[in-house]
Amino acid sequence: MAKGTHEYTDDERNANIKINIDGKLYPRDKAKVSVFDSNFVLGDGVWEGIRLHEGEFIFLDKHLDRLWEGSKALDFDPGITKEELTNRLRKTVKANGMVTDVHIRLMVSRGEKATPYQDPRVTISQPTIVIIAEYKTPKPATLSKGVTLFTVHVRRGNPDVQDPAINSHSKLNCIIACIQATKAGADEALMLDPQGFVATCNSTHFFIVKDGAVWTSSGNYCLHGITRGNVIDLCEANGIPVSQKTFSLTETYSADEAFVTGTFAGIAPVRSIDGRTIGNGKRGKLTKKLQDLYLQMIDREAGVTRV
């Protein structure tokens, strides 16, 4: 069964990885947290997906800034400095002998509760910090053939309901969106904002190309995506017109190209939306150009020079 842009090539090394829980390393089958942990009880926590590329954590500062922003919004302190957390990340990948093609899930919950209840005041421990590093590379077909999307009824809401800018573990609206898209036979869900304009996808950010210009949503109803921001920067640095704006499904269906972005797969083309073929149904020239520019960008971030 396809899993959208998160479809990955199985790696047998993942069976024996060591997982970091609160600074201690555990074998995969021994890595456990309390049933009273805030994340398990309520999804009360924040997380980041981080790539290890050629020995470097890519765009780590931006990921940690977003993690701290989210924890501040949820009114808890991670209980660790960014430098200490970076050292913990390094310890984890070193213990696993990892250098590249690694995806890391960094999770920070409010901590363990005295009883399974939502009030933060019943939290009795320091925040729980879990680091899971796995060998993961996207399926080649994801980056060349691309994915299909289905527009779901579940909306990205206003920040006074649940701020979509917080990368929290409370992702039920995205999960329901993913389920609806899967039932419709698509790889991922395309989600609209409260006014009915295109917002984002359930686990990636969405872009279209029209007449040589790149469009993405206003950003008001989606996570402050790090890859999304990097793609916008790449467009601006390379003379590619780019706009953050509101646009409708009607404009989307007639796009010349479409693609999605995320930490794991980078940039992946979209070949159809709601059964409508986008462009010629194949990866477009501008999408391919941006894929190449993005790969060069992460190489620069890691200090790698390709011959």
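When you look at V93, is it buried (at least 17 other Cβ atoms within 10 Å of the Cβ) and in contact with a helix residue (DSSP H, G or I) (Cβ under 9 Å, 6 or more places away or on another chain), yes or no?
On the way: buried (at least 17 other Cβ atoms within 10 Å of the Cβ): yes; in contact with a helix residue (DSSP H, G or I) (Cβ under 9 Å, 6 or more places away or on another chain): no.
For V93, the condition - buried (at least 17 other Cβ atoms within 10 Å of the Cβ) and in contact with a helix residue (DSSP H, G or I) (Cβ under 9 Å, 6 or more places away or on another chain) - is not met.
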Open item on the list: Scan region 41-54 and tell me whether some residue there is surrounded by 21 or more Cβ atoms within 10 Å (Cβ to Cβ), touching a strand residue (DSSP E or B) at 6+ places or on another chain (Cβ under 8 Å) and among the aromatic types (F, W, Y).
Closed with: no
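Quick check on my filter: what residues within region 216-236 are part of a helix (DSSP H, G or I) and farther than 15 Å from S203 by Cα? Let's see the steps before the verdict.
Taking region 216-236 as the starting set, the residues that turn out to be part of a helix (DSSP H, G or I) are 226-236.
Once the filter is applied, which keeps residues that are part of a helix (DSSP H, G or I) and farther than 15 Å from S203 by Cα, region 216-236 yields G229, N230, V231, I232, D233, L234, C235, E236.
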TODO: Answer yes if at least one residue in region 190-207 is in the same structural domain as G275 (by TED's automatic domain parsing), surrounded by 20 or more Cβ atoms within 10 Å (Cβ to Cβ), touching a Pro at 6+ places or on another chain (Cβ under 8 Å) and assigned to a loop (DSSP other than H, G, I, E, B), and no otherwise.
DONE: no
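Take the conditions in a helix (DSSP H, G or I), among the hydroxyl-bearing types (S, T, Y) and touching a residue at least 40 places away in the same chain (Cβ under 8 Å) and apply them to T142. Does it pass?
yes
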Task: Selection status of I240, of a type in the set (V, I, T) and in contact with a helix residue (DSSP H, G or I) (Cβ under 8 Å, 6 or more places away or on another chain) - done: yes
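Can you give me the ranges of the helices (runs of 4 or more DSSP H) entirely in region 24-102 with at least 1 residues that are over 22 Å from T115 (Cβ atoms)?
Values: elements: 38-42, 60-73, 82-95.
Here the list reads 60-73, 82-95.
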Open item on the list: Could you tell me how many of the residues in region 2-23 are modelled with pLDDT of 95 or more and either assigned to a helix (DSSP H, G or I) or touching a helix residue (DSSP H, G or I) at 6+ places or on another chain (Cβ under 8 Å) (or both)?
Closed with: 10
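The values are calculated or read from the model by the stated rules, or taken from the named source; none is laboratory data. Everything numeric in this text was worked out from a predicted model, so none of it was measured. All Cβ positions, even for glycine, are placed from backbone atoms using ideal geometry, and neighbour counts span all protein chains on display.
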